[in-house]
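Data first, discussion second: the structure below is written as structure tokens.
The values are calculated or read from the model by the stated rules, or taken from the named source; none is laboratory data. Predicted model only: the values in this text are computed from it and were never measured. No Cβ is skipped: glycine too gets one built from the backbone with ideal geometry, and neighbour counts run over all protein chains shown.
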Amino acid sequence: MEWLEFDTAECSIQKTLDVIGEKWTMLILREAFNGVRRFDQIRDHVGVSDPVLSDRLRKLVAAGVLESKPYREPGQRVRKEYRLTDKGLDLYPVMISLLRWGDEHCADTDGPPLEVLHRDCGEPIRAVVECAAGHTISSPREAVTSPTPAATMATMRPAPVRE
């Protein structure tokens, strides 16, 4: 298969980034994975503006990644809290992969500030790429990309205009 022969308009990575590919969205998801569910807590902990947070939460709910649930503090109006759906929980390996990449390549000389550990044994959690038979894949050289029946051939696109 020649990668450039296939159209990427329906690429799953591209579609995923359409849902979670913005900086604030990933930080909101980080908060949700750590049990932060309320608008004001997310806003204050992340440092995001109200309009941006409202927009990102609305998009995540529309995409089915988060669901909003009403709650009411005594003497207060009804508000919403945001919880991960099953679809959202499926992003956990992605979040762990991003964390581990950052730990390896972006942490200060003192090391990463946080550790995610398995509750039962206390060992660090890691994301692993493996095939359906359980073989660990450590490099893209160990994989091959092949088209499925849903793949379409690329059409020639005009070259960008240079000014």
So which residues in region 70-88 are of a type outside the set (G, A, S) and either in a helix (DSSP H, G or I) or exposed (fewer than 10 other Cβ atoms within 10 Å of the Cβ) (or both), if there are any at all?
P70, R72, E73, P74, Q76, R77, V78, D86, K87
Would you pick out the residues in region 89-126 that are under 17 Å from L29 (Cα atoms), assigned to a loop (DSSP other than H, G, I, E, B) and hydrophobic (A, V, I, L, M, F, W, C)?
L91, L114, V116
Out of region 24-46, which residues are free of Cβ contacts under 8 Å to residues at least 24 places away in the same chain, farther than 20 Å from V116 by Cα and either in contact with a helix residue (DSSP H, G or I) (Cβ under 9 Å, 6 or more places away or on another chain) or aromatic (F, W, Y) (or both)?
Q41, R43
Matching residues in region 131-141 (exposed (fewer than 10 other Cβ atoms within 10 Å of the Cβ) and either touching a strand residue (DSSP E or B) at 6+ places or on another chain (Cβ under 7 Å) or closer than 17 Å to M26 by Cα (or both)) number 1
Residues within region 1-19 that are within 25 Å of D90 (Cβ to Cβ) and not in a helix (DSSP H, G or I), tallied
4
Please enumerate the residues belonging to region 90-113 that are of a type in the set (V, I, T) and either closer than 16 Å to A127 by Cα or in contact (Cβ under 8 Å) with a residue 60 or more places away in the chain (or both).
V94, I96
Please go through region 47-69 and give me each residue that is over 17 Å from V19 (Cβ atoms) and surrounded by 16 or more Cβ atoms within 10 Å (Cβ to Cβ), ordered by number.
V48
Cβ-Cβ below 8 Å, separation at least six or inter-chain, first residue in region 140-163 and modelled with pLDDT under 85 and among the hydroxyl-bearing types (S, T, Y), second surrounded by 10 or more Cβ atoms within 10 Å (Cβ to Cβ) and not in a loop (DSSP other than H, G, I, E, B): which pairs?
T152/F6
Counted residues in region 69-89 being in contact (Cβ under 8 Å) with a residue 40 or more places away in the chain and of a type outside the set (F, W, Y) come to 6
